[in-house]
Every structure is written in structure tokens, then in C-alpha cells.
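K.L.:
First the structure, then my questions, so here it is.
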């Protein structure tokens, strides 16, 4: 009985300590955040930034005009009601906080100190605004595929990359994330960090035309591709890909439309990949150069993405769902800003420590493709060394 009585006393004391002696909340609104309207950077600097286009662009990663257009698009989705207790945060301020977070790679503590918003409030703002941006930009940035759209994409690759019948450049990138809870080694990749895979297809103008975000970091590009909705639609002929056509300057035979990928992908009816091996004849080396020239568009697009939205320069410090949402939002913003403000060539360059190319080189996938796909690649290789398909500088790069 004495032991039982002591246990009851200890239990009662713990309850008392937790509920009675619990530290009382000192403030309804902390004085630091209460000074937001007078000291927060949005209220002290935003209007001044708007008067200087270059500084505004450097701070928010887009022009004033693009910022205002975004604000109009999402305002109704993120606006909250004022209450008798406090005023709601204006949509413009919420958008500014989110774009600064994505564009600078700042931690939420940095945003707390500069914008004078609470930590919890900032987390809610980021999720709310990213959801609104993705909802508003998704259809514009990633419209449905039609035969005419595929032909326009192929014309772009033929014009800018001298690679005919190309529907896009495909590649996968690992985006660094914080280790998800109870995930074991699922997200741990061969470069020894935790990541999710961003599989993307890019057109000749560095726009993302398809993205798949959230696959385990341990998975290869080809595995992610074969598990994607795009692959299923390709297999079921649901993407309205036009029938093949003769290569420019020829009358036959028809060459199928394909995507271009690296050695991580298998040669197939939808994927054109380089010849493997070190000691190749000139024809095959020229083919590999021409394919690489078209494929580097996706690497450049990733360079533009990561250099503009510096959230990618270090692990995303958020839970898995928000990390995936952030990546999708940045891809949509990439297309949005690209269409309105263009890009700087330097943004395509690799930056040490970012999601650069060496982080994503994968081992070639050994496979034996059916003869019809091998013949199609050989036909294209023959074309690139013919009078109709060769370019003057190609022998300088083999």
C-alpha cells in the first residue's frame, strides 16, 4: 500500500507541474512581431524596391509586372478575413514572403527576423501560397499535349538544336531534402544524401513541358520514368504523338518522334539514347554529339531553375509533402517567369554546391533494344553525316 500511495503522489505532482506550474504565455502578440507594420521589411522597403526594376528583380527573381500579375492570380485564394482581434496579412505580403523564401533559399528564421512574422505564421503562409501558385499556374505551365503542340516542340528542336523529330529532352535530378521520418534508406541516393527525384522533359526553349516530382532518391531516372503517368500514357498511345515523318531533305522512310535521353535510359520507341562504348566510329561519335547538343537543354533548364530559385542550393528544410509542393511550384514559376522575363545565360551555368550535374550522373542501363529501334538510331546517325543532315562544326566536337 505504501508503494502504491507514493506512486499516486508522484503522479499527482507530475500533473500539477504540467498544468498548474506551466509557464504562462507572456504575450498575446510578441513585441517583436507586433512591430511588423513599422519595422518589417515589407513595409519599409517594398515600395522602394518597386521603383528600381533591377533591384526588385534581384530580390524577388521576377519583374514588377510579373509579380503584380501573380498577385492578381492568387489573391482571392490566399486572402483571409480581418477579425476584431487582429488584421489579416495582405496577399501582397504573403506572396513577397514566399518568393523571397524560394528565391533566396533563406531559412524561416531569417524570414521571421526580416518580415517580423511568427514562425508558425510563416510556415502556414508558405504552404498556402505555394498551393495557390501551383493551382493557378499548373494549366498554363503544363497544358494538355496535342498533335499540334508536339509538332511545335519538334520544330523548336530542329530550329535551335538541328535535331529533327525530337519531342523533348528528358532527365532526372535529385533535389536535396531533409530526411523524411520513418523512411529508412528510401530517399538516400548513391551520392550519399537524401533526395527526391525531379523527372522532367524540356523543350528547345528551356521550358518544362512535363514534370514528375517525389520519387525516392534511391531510384534511377529510368525507373522513375517507367513508373510515371507519362510512361503509362505513352504505352497506351494517349498522348496524341503524331505519326513519324521523313527527315528534312528526304522523302522516306518515316522517322518516329522520340525524346532524347542519356545512358540512364533504354533505347525504345519513345527514347533515343547515345551509342555506348569508348571506341566508336566517327559516325556514332557525331550522333552522340548531336544528341548531347539537344539533350543539354534539360541540363540548362535545371541550371536556370536552381540558379534562380536558390532554395535548391541546400536541402529543403520542410516535410516531404511541402518539399514536393515547393519543387512543383518552382517549376511552374520557372515557366511563368521564362515566358515573361526571359533568362540570363549565366543562370544556365553550374554552381558548386547546387544541384549540379555531377550529383546526377548515373550508371548506364545495360539493355539490348529491339532491332527496329536500333535501326531507327542508325538511320538518324546516317542522316547526320549526309549532305542533308550534317552541320559544318560537328567534326570539331568528336
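The values are calculated or read from the model by the stated rules, or taken from the named source; none is laboratory data. All of these numbers come straight from a predicted model, not from anything done at the bench. Note that each Cβ is placed from the backbone with ideal geometry, even for glycine, and that neighbours are counted across all protein chains shown.
K.L.:
Scan segment 180-191 and tell me whether some residue there is outside any loop (DSSP other than H, G, I, E, B), within 18 Å of the chain's Cα centre (by Cα) and either at pLDDT 90 or above or surrounded by 15 or more Cβ atoms within 10 Å (Cβ to Cβ) (or both).
P.N.:
no
K.L.:
Going by the conditions given, is residue 148 over 18 Å from residue 318 (Cβ atoms) and either modelled with pLDDT of 90 or more or surrounded by 14 or more Cβ atoms within 10 Å (Cβ to Cβ) (or both)?
P.N.:
yes
K.L.:
Determine whether segment 198-205 contains at least one residue that is within 19 Å of the chain's Cα centre (by Cα), surrounded by 21 or more Cβ atoms within 10 Å (Cβ to Cβ) and over 19 Å from residue 330 (Cβ atoms).
P.N.:
There is at least one residue in segment 198-205 that is within 19 Å of the chain's Cα centre (by Cα), surrounded by 21 or more Cβ atoms within 10 Å (Cβ to Cβ) and over 19 Å from residue 330 (Cβ atoms).
K.L.:
Just to be sure I understand, how many residues within segment 243-286 are closer than 20 Å to residue 221 by Cβ and not in a loop (DSSP other than H, G, I, E, B)?
P.N.:
Of the residues in segment 243-286, 5 are closer than 20 Å to residue 221 by Cβ and not in a loop (DSSP other than H, G, I, E, B).
K.L.:
To continue, here is another question. Collect the residues in segment 70-80 that are surrounded by fewer than 14 Cβ atoms within 10 Å (Cβ to Cβ) and more than 17 Å from residue 122 (Cα to Cα), keeping them in residue-number order.
P.N.:
Of everything in segment 70-80, those that are surrounded by fewer than 14 Cβ atoms within 10 Å (Cβ to Cβ) and more than 17 Å from residue 122 (Cα to Cα) turn out to be 72, 76.
K.L.:
Shifting gears a bit: For segment 287-346, enumerate the residues that are within 15 Å of residue 174 (Cβ to Cβ) and outside any helix (DSSP H, G or I).
P.N.:
Residues satisfying the conditions are 314, 315, 316.
K.L.:
Kindly list the number of the only condition in (1) crowded, with 21+ Cβ neighbours inside 10 Å; (2) within 17 Å of the chain's Cα centre (by Cα); (3) modelled with pLDDT under 95 that fails for residue 328.
P.N.:
(3)
K.L.:
Which of the residues belonging to segment 54-105 are in contact with a helix residue (DSSP H, G or I) (Cβ under 9 Å, 6 or more places away or on another chain), touching a residue at least 24 places away in the same chain (Cβ under 8 Å) and not in a helix (DSSP H, G or I)?
P.N.:
61, 62, 63, 89, 105
K.L.:
Here is a further query. Looking only at segment 136-166, which residues are closer than 24 Å to residue 69 by Cβ and in contact (Cβ under 8 Å) with a residue 60 or more places away in the chain?
P.N.:
136, 137, 138, 140, 141, 142
K.L.:
Failed condition for residue 168, given (1) buried (at least 22 other Cβ atoms within 10 Å of the Cβ); (2) at negative phi, with all others met?
P.N.:
(2)
K.L.:
Residue 235 versus (1) surrounded by fewer than 22 Cβ atoms within 10 Å (Cβ to Cβ); (2) closer than 27 Å to residue 394 by Cα; (3) out of contact with any helix residue (DSSP H, G or I) (no Cβ under 8 Å at 6 or more places or on another chain): which is the lone unmet condition?
P.N.:
Every condition holds for residue 235 apart from (2).
K.L.:
Could you grab me the full set of residues in segment 62-89 that are under 19 Å from residue 44 (Cα atoms) and at pLDDT 95 or above?
P.N.:
64, 67, 68 - these are the residues of segment 62-89 that are under 19 Å from residue 44 (Cα atoms) and at pLDDT 95 or above.
K.L.:
How many residues, within segment 106-150, are touching a strand residue (DSSP E or B) at 6+ places or on another chain (Cβ under 9 Å) and part of a helix (DSSP H, G or I)?
P.N.:
So the count comes out to 3.
K.L.:
Could you pull out the residue among 390, 367, 354 that is crowded, with 17+ Cβ neighbours inside 10 Å and either touching a strand residue (DSSP E or B) at 6+ places or on another chain (Cβ under 7 Å) or modelled with pLDDT under 95 (or both)?
P.N.:
When all the criteria are applied, what remains is 354.
K.L.:
Still on this structure, I have one more. Can you tell me which residue is surrounded by the most Cβ atoms within 10 Å (Cβ to Cβ) among those in segment 81-121 that are within 30 Å of residue 339 (Cα to Cα) and over 27 Å from the mean Cα position of the chain (by Cα)?
P.N.:
89
K.L.:
Quick one: in segment 39-53, which of the residues that are in contact (Cβ under 8 Å) with a residue 60 or more places away in the chain and part of a helix (DSSP H, G or I) is surrounded by the fewest Cβ atoms within 10 Å (Cβ to Cβ)?
P.N.:
The residue in question is 39.
K.L.:
Any residue at all in segment 280-298 that's surrounded by fewer than 22 Cβ atoms within 10 Å (Cβ to Cβ) and in contact with a strand residue (DSSP E or B) (Cβ under 7 Å, 6 or more places away or on another chain)?
P.N.:
For segment 280-298, residues surrounded by fewer than 22 Cβ atoms within 10 Å (Cβ to Cβ) and in contact with a strand residue (DSSP E or B) (Cβ under 7 Å, 6 or more places away or on another chain): absent.
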